[in-house]
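The values are calculated or read from the model by the stated rules, or taken from the named source; none is laboratory data. Just so we're clear, the structure is a prediction, and the values are computed from it rather than from any experiment. So basically every Cβ, Gly included, is an ideal-geometry build from the backbone, and we count neighbours across all protein chains shown.
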Amino acid sequence: MFSEATPAERRRYYREEWGLSQVPDFILDTLSEREFGFDHTGDGPNDRYNLITTPAQLEGVLISAAPYAAYSSVSFYSRPERRKGWRGAELVFDVDAKDLPLRRCSCVPGEVCEVCLDDARGYIMEVAEVLREDFALKELHFVYSGRGYHLRVLDEAVLEMQSQERAQVLDYVAGGVIPEAELLELRRGYPRVFRQRILRLLSLLNREVMRGSGIAPKRAAALLRPKTLRRVANELEEGSFATLREVLGVGGFACFLELVRRLNAEMLDAKVTVDVKRILRLPSSLHSKVSMKCVYVKDIERFDPFKHAVPRFVRERD
Amino acid sequence: MLNTTLLNPFSRRALRCFKGKFSDGAFAEARRKLSGRQGSEPGFEEDAQSFFVLLCAGALRGVSSPAARAAKEVIKKVLASRIWGLLEQRGVDERNLDPELLPMLLEDFTLLPISRAGIEPPPEDLRLLRAKQGEPLLYALPWKELLPALRSRRVSLARLYISRGYVLLTLKQAIACYLESIAERCDEFMRLASVEDPRLEDIAVLLEEVPVSRTSRPVKLGAKRLKEECFPPCIRATLAGVGSGSRNYAITVLLTSFISYARIAPFNAGENARIADFVRDLRVVTEEVLPVIYAAAERCSPPLFEDQPLEKLNINYHLGFGLTEELRLEDSGRSPWYFVPNCEKIRREAPSLCSPDRHCRDVRNPLVYYTRRRYRREE
């Protein structure tokens with residue numbers, strides 16, 4: 001696992017393990033409206049503009065080509081083979097465990113371990129909660145991408161949104177904007193989302209992260225005391241910033257909010273959300289670079305990539 | 001029917017009055033709207049057509065022109081005054097407003113009194129919002145109704161109170177959101193408008209005389225040597241070197257465009273600009289622009305050209321010389337000279353570069369930050 005799949009392993013995966021039943025209905029039902037892309041060599045999805053009209057055709061292509069990676073568009077077209085006649089696109093949020101700005105583990109950027117993957121899972125669940133509670137969106141689908149998670153939204157309300165609106169929803173769910181000062185303590189709405197993002201970050205903060213944020217080192221050290229952090233967390237749950245303001249001072253508090261905003265903005269890959277013609281890894285396909293399956297996740301709370309996304313050939317490697 | 005006054009120029013009934021040509025009465029009514037004078041009530045058809053006259057005249061100068069902006073401002077002002085007028089006629093103030101009234105007035109706008117949306121915000125929230133906004137929350141609007149206004153960034157989702165699929169609004173906010181949705185439809189209309197009528201030119205001239213809000217005063221400065229101390233934080237961060245995730249974007253897209261425009265054409269470069277339109281000697285590119293970009297690329301981790309030497313060609317491409325190793329003035333324009341991306345885009349593509357300082361307030365593009373600071377210094 002996490003080492004590249006050989007061409008023989010890819011062939012074995014598609015012949016013996018892959019099945020149409022692993023492709024989610026939301027893709028099978030719209031095959032002929034989506035563009036398909038393939039990476040045959042590991043250099044990126046260079047084989048694009050493919051039209052696949054039936055499940056049997058998809059099966060044939062994947063089993064015979066055993067691609068390094070397979071992708072389908074999040075967008076729907078009347079002529080997908082030319083990417084013409086855009087009819088709409090899923091709204092997608094992508095959290096990549098290798099790019100998390102703060103981690104509980106000792107992985108460096110670019111690396112992934114069980115802990116990072118679990119953090120990515122927890123985070124995408126928080127994003128989904130905001131979409132459900134604040135935006136009343138219901139058609140939410142989770143996909144384990146091989147090194148992170150995709151959240152794909154298929155409610156009719158979002159399909160025709162353009163990049164600018166998607167960017168605004170992204171800022172909202174990620175906490176990418178500092179709320180208005182007088183409304184920071186609102187129980188619901190965006191300030192609640194921003195507070196939740198602070199709560200998640202609190203346990204991951206350290207001196208190094210806070211260095212360069214503009215917060216005086218003494219104040220940063222005071223905040224990082226476990227007792228203070230606990231009190232701050234309890235107050236944030238209640239919607240209060242009293243201790244945080246007191247410990248950091250006026251200037252430090254403003255710098256802290258800016259630090260949170262910046263870290264929040266790095267959690268999700270914004271390019272994926274705002275691109276209305278993106279191709280995404282096809283659920284059920286193999287992520288050959290790390291030898292893991294891209295899996296449609298039915299129960300995100302219980303999903304464990306090390307149980308549900310490891311191909312048989314990896315288990316039998318040694 | 002509660003209301004016969006036209007409050008939505010894009011209602012089905014109003015659109016039926018747009019036949020691609022306008023009556024003299026419609027032009028007279030458009031002039032009256034522009035002057036702000038009171039007059040006798042126009043007939044429905046004249047009234048509806050006059051809105052389209054304003055929009056078609058604005059479109060003559062382009063959708064982003066001051067004339068087009070003025071057309072939208074005038075239309076919003078007329079509609080706002082009509083809505084408030086109708087509410088006042090019914091003796092409306094905060095205490096006795098029937099929340100059903102506004103939704104009945106505004107056609108094609110799915111506004112509901114909060115009570116009918118089945119949402120009960122916590123009392124603490126209601127108190128905070130009332131203290132901030134000075135009036136109570138009365139209305140619920142499905143958030144997707146705001147999409148047009150979100151598209152044009154006239155409304156920010158993060159500044160609204162959203163719960164269970166609805167945006168909760170005060171009376172003033174509800175009217176403002178309605179007017180923004182109309183403004184967005186004005187933009188759509190102007191993008192498609194193609195009416196040929198010589199009388200529109202006079203209206204366009206009048207529109208150009210309408211004062212519209214500008215975000216900054218115009219500045220006049222020529223191209224001068226770069227002043228690093230006036231660079232915005234994102235550019236300073238890029239110059240310091242960038243990590244592997246954002247290297248290509250930071251150097252090839254952001255820094256290349258910023259340094260080249262800041263040095264060569266800091267003001268009003270215009271669409272389809274070419275470096276050759278501004279310089280006669282390429283040494284300004286080879287001796288002043290490229291060394292800055294290459295030095296920053298070298299400071300990246302790992303150095304950008306070490307594993308991606310082809311990015312040098314890509315930089316030349318972004319400068320408008322096409323995919324070439326050797327720069328020649330006559331090749332300028334072979335590819336687009338990419339303009340400096342806006343702050344919002346930078347935040348999306350490379351969030352780690354964006355650490356705004358106090359000068360970033362009200363700035364939407366790093367180049368504006370640079371020119372403003374330089375301008376103020378020289379003042």
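The figures follow:
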{"item": "Unique match (being touching a strand residue (DSSP E or B) at 6+ places or on another chain (Cβ under 8 Å), over 28 Å from A:CYS294 (Cα atoms), within 14 Å of chain B (Cβ to nearest Cβ) and in contact (Cβ under 8 Å) with a residue 40 or more places away in the chain) among A:LEU170, A:LEU159, A:LEU186", "result": "A:LEU186"}
{"item": "Sole residue being assigned to a strand (DSSP E or B), on the phi < 0 side of the Ramachandran plot, crowded, with 19+ Cβ neighbours inside 10 Å and of a type outside the set (Asp, Glu), chosen from A:LEU248, A:LEU263, A:LEU280, A:LEU244", "result": "A:LEU280"}
{"item": "Selection count where residues are more than 14 Å from chain B (Cβ to nearest Cβ) and out of contact with any strand residue (DSSP E or B) (no Cβ under 8 Å at 6 or more places or on another chain), scope the stretch A:85-103", "result": "1"}
{"item": "Qualifying residues in the stretch A:266-277 (those that are in a helix (DSSP H, G or I) and not small (Gly, Ala, Ser)) - the one surrounded by the most Cβ atoms within 10 Å (Cβ to Cβ)", "result": "A:MET267"}
{"item": "Within the stretch A:80-108, tally of residues that are touching a Lys or Arg at 6+ places or on another chain (Cβ under 7 Å) and free of Cβ contacts under 8 Å to residues at least 24 places away in the same chain", "result": "1"}
{"item": "Checklist (1) over 28 Å from A:ARG15 (Cβ atoms); (2) surrounded by fewer than 18 Cβ atoms within 10 Å (Cβ to Cβ) applied to A:CYS116, failing item", "result": "(2)"}
{"item": "Positions within the stretch B:345-375 being assigned to a helix (DSSP H, G or I), in contact (Cβ under 8 Å) with a residue 40 or more places away in the chain and either within 14 Å of chain A (Cβ to nearest Cβ) or among the basic types (Lys, Arg) (or both), in sequence order", "result": "B:ILE346, B:GLU349, B:SER352, B:LEU353, B:CYS360, B:ARG372, B:ARG373, B:ARG374"}
{"item": "Residue among B:GLU298, B:GLU330, B:GLU288 that is outside the structural domain of B:LEU150 (by TED's automatic domain parsing), over 17 Å from B:VAL253 (Cα atoms) and without any contact (Cβ under 8 Å) to a residue 60 or more places away in the chain", "result": "B:GLU330"}
{"item": "Output for the stretch B:141-167, where each listed residue is more than 7 Å from chain A (Cβ to nearest Cβ) and part of a helix (DSSP H, G or I)", "result": "B:GLU145, B:LEU146, B:PRO148, B:ALA149"}
{"item": "Residues that are touching an Asp or Glu at 6+ places or on another chain (Cβ under 9 Å), buried (at least 20 other Cβ atoms within 10 Å of the Cβ) and either charged (D, E, K, R) or modelled with pLDDT under 95 (or both), drawn from the stretch A:122-153", "result": "A:ARG147, A:ARG152"}
{"item": "Selection within the stretch B:261-285 - in contact (Cβ under 8 Å) with a residue 12 or more places away in the chain and closer than 13 Å to B:LEU367 by Cβ", "result": "B:TYR261, B:ALA262, B:ARG263, B:ILE264, B:ALA265, B:PRO266, B:PHE267, B:ALA269, B:ALA273"}
{"item": "Hits in the stretch B:235-245 - residues which are more than 10 Å from B:ALA297 (Cα to Cα) and surrounded by 21 or more Cβ atoms within 10 Å (Cβ to Cβ)", "result": "B:ILE235"}
{"item": "Answer from A:SER145, A:SER106 - the residue that is out of contact with any Cys (no Cβ under 7 Å at 6 or more places or on another chain), of a type in the set (Ser, Thr, Tyr) and more than 13 Å from chain B (Cβ to nearest Cβ)", "result": "A:SER106"}
{"item": "Count - residues of the stretch A:216-244 that are touching a residue at least 12 places away in the same chain (Cβ under 8 Å) and within 19 Å of A:PRO179 (Cα to Cα)", "result": "9"}
{"item": "Residue in the stretch B:89-110 that is touching a residue at least 60 places away in the same chain (Cβ under 8 Å), more than 14 Å from chain A (Cβ to nearest Cβ) and of a type in the set (Val, Ile, Thr) present", "result": "no"}
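Residues are listed down the side, and each one gets a yes or a no for (1) at pLDDT 85 or above; (2) touching a Leu at 6+ places or on another chain (Cβ under 6 Å); (3) under 24 Å from B:GLU311 (Cα atoms):
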| position | (1), (2), (3) |
| --- | --- |
| B:GLY322 | no, no, yes |
| B:ARG334 | no, no, yes |
| B:CYS354 | yes, no, yes |
| B:ASP357 | yes, no, no |
| B:ASP362 | no, no, no |
| B:VAL368 | yes, no, no |
| B:THR371 | yes, no, no |
| B:GLU378 | no, no, no |
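Conditions tested, residue by residue: (1) outside the structural domain of A:GLU114 (by TED's automatic domain parsing); (2) in contact with a helix residue (DSSP H, G or I) (Cβ under 6 Å, 6 or more places away or on another chain).
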{"residue": "A:LEU236", "(1), (2)": "yes, yes"}
{"residue": "A:GLU258", "(1), (2)": "yes, no"}
{"residue": "A:SER284", "(1), (2)": "no, yes"}
{"residue": "A:ARG317", "(1), (2)": "no, no"}
